[in-house]
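Asks: Quick one: the structure is below, and I'll ask about it shortly.
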Amino acid sequence: MATRIVYTDLDGTMVGPRGSFWHTADRVPTASPAAALLELHRAGVPLVLVSGRTHAQLLEAGRIFAADGAIAELGSLVSWAGGRETHLLTGDLPEQYAGRTPMDVLAELGVVEQLIAAHPGRIEWHEPWHATHSADALLRGRVDAAAVDDWLAERGWGWLTMNDNGAVPATPRMTLDADALPPHVYHLMPRGISKGEAIRWDLARRGLDAADAVAVGDSVSDLEMAPAVGRLWVTANGAAVTGMADRIAAVPNATVTDAPMGEGWAQAVLTSLG
């Protein structure tokens, strides 16, 4: 397969500890991710950042890494032309709410407040990063995402789903109970929104096919990119998470890198370039 575009997750994939592009998972300085990025640009292969981060956060990261576009909020917002052009994907948001952002609808219905009340000490807003999201409610804690989906359906909100975007370090600002640590980050959003669906939309816009694309990620939400691309790379740190090995085994075009995070990302990029 001749790789013509690379879609990549950021945190825990392209960048490692504390968001560093220059350190291994063990916090040892490394230049291998930067060398791989340079080879990608020399080959003229576009890089698109795909993340749970907001559009504004990805714009800044996109400038640093010379990305050709970005997919923000776990597949909700596709942007290109330096962020000047955007397309909001709202998935299964009910027709009665057409023209409104999913976050506006969630606020009106009080969904997040009721969810937090139903799981005291186990879920909370992922402050301060949640404030600028438009298509998903960014939360943190430790809950069973499938059980939350059942809870939503019982209340007539079956068009919503809880996506687990992986673990994050605990910090003093968190007010979660001890048994909810270390927390995971969750995106509460309409069904039908995913990194994979956003990649499909972006590939169609570019006139490319799935076979032209490679994706790199580390979390459950990143596995959703697999059907939209020719090959999905999962960095070793993601594959080591409990339950991920079985999930990866069920994805026929997924390959696990030898090393975690940045070094694994470099392997994925260089191998894809041949």
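Asks: Let me spell it out: the conditions are (1) in contact with a strand residue (DSSP E or B) (Cβ under 6 Å, 6 or more places away or on another chain); (2) free of Cβ contacts under 8 Å to residues at least 60 places away in the same chain; (3) aliphatic (A, V, I, L, M), and ILE123 meets all of them except one. Which number is the exception?
Replies: Only one criterion is unmet by ILE123, namely (2).
Asks: A further question follows. Suppose we filter segment 100-112 for residues that are under 20 Å from LEU74 (Cα atoms) and out of contact with any strand residue (DSSP E or B) (no Cβ under 6 Å at 6 or more places or on another chain); how many remain?
Replies: 7
Asks: Where in segment 28-117 are the strands (runs of 3 or more DSSP E), entirely inside, with at least 2 residues that are buried (at least 20 other Cβ atoms within 10 Å of the Cβ), touching a Phe, Trp or Tyr at 6+ places or on another chain (Cβ under 9 Å) and at negative phi?
Replies: So the answer is 47-50, 69-72.
Asks: Got at least one residue in segment 33-53 being within 20 Å of VAL168 (Cα to Cα), over 12 Å from the mean Cα position of the chain (by Cα) and either in contact (Cβ under 8 Å) with a residue 60 or more places away in the chain or not assigned by TED's automatic domain parsing to the domain that holds HIS130 (or both)?
Replies: The answer is no, given that none of the residues of segment 33-53 is within 20 Å of VAL168 (Cα to Cα), over 12 Å from the mean Cα position of the chain (by Cα) and either in contact (Cβ under 8 Å) with a residue 60 or more places away in the chain or not assigned by TED's automatic domain parsing to the domain that holds HIS130 (or both).
Asks: Give me the pairs, please: first residue somewhere in segment 132-159 and over 19 Å from GLY52 (Cα atoms), second residue anywhere and assigned to a loop (DSSP other than H, G, I, E, B) and of a type in the set (Asp, Glu), beta-carbon distance under 6 Å, and either six or more positions apart or on two chains.
Replies: TRP159/ASP92
Asks: Any chance segment 9-31 includes a residue that's at pLDDT below 95, polar (S, T, N, Q) and within 15 Å of the chain's Cα centre (by Cα)?
Replies: No, segment 9-31 contains no residue that is at pLDDT below 95, polar (S, T, N, Q) and within 15 Å of the chain's Cα centre (by Cα).
Asks: Are there any helices (runs of 4 or more DSSP H) wholly within segment 160-266 with 1 or more residues that are of a type in the set (Val, Ile, Thr) and not assigned by TED's automatic domain parsing to the domain that holds ARG140, and if so which?
Replies: Fully inside segment 160-266 and qualifying: 195-206, 220-223, 244-249.
Asks: For LEU176, state whether it is modelled with pLDDT of 95 or more, farther than 18 Å from GLU73 by Cα and crowded, with 20+ Cβ neighbours inside 10 Å.
Replies: no
The values are calculated or read from the model by the stated rules, or taken from the named source; none is laboratory data. This one's a predicted model, so the numbers in the text were calculated from it and none came from an experiment. Reconstructed Cβ throughout: ideal geometry from the backbone, glycine too, with neighbour counts over all protein chains shown.
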